[in-house]
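Everything below concerns the one structure shown next.
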Amino acid sequence: MKTKLIASTEAQNNFGRVLDDVVQNGTRYIVRRRSASQAIILSISDFERILAASEVERKKLEKVIREVTPIYSIGESITEQQV
């Protein structure tokens, strides 16, 4: 499963492609606007898993989200090894 950063305008202009990538490949997108992470696009199954996750798992996810913002540029993929 990959996590990608995408500019809000690129997400808007290519929403169908982004949605297909999320649904078919399990890719997660962090949407950035004005150089700041604003939202995450993820599949329903990922969302349900996060809701059902233990507090420890939620803390891990929060840590990843906090760490992503200063490290990666728009368009870069984040590998599972980097997470």
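Rule-based calculations on the coordinates, nothing more; no lab input. Just so it is clear, the structure is predicted and the values come from calculations on it, not from any experiment. Note that each Cβ is placed from the backbone with ideal geometry, even for glycine, and that neighbours are counted across all protein chains shown.
Classify segment 3-76 as rounded, prolate or oblate from the Cα gyration tensor: take a ≥ b ≥ c as the square roots of its eigenvalues, call it rounded if a/c is under 1.5, otherwise prolate when a/b beats b/c and oblate if not. The shape class here is oblate.
Label sites at E67 and T9, each approximated as a point 7 angstrom past Cα along Cα to Cβ, lie 3.2 nm apart. For segment 1-26, the residues whose amide N sits under 17 Å from a probe point set 7 Å from the Cα of R34 along the beta carbon direction are 7-10.
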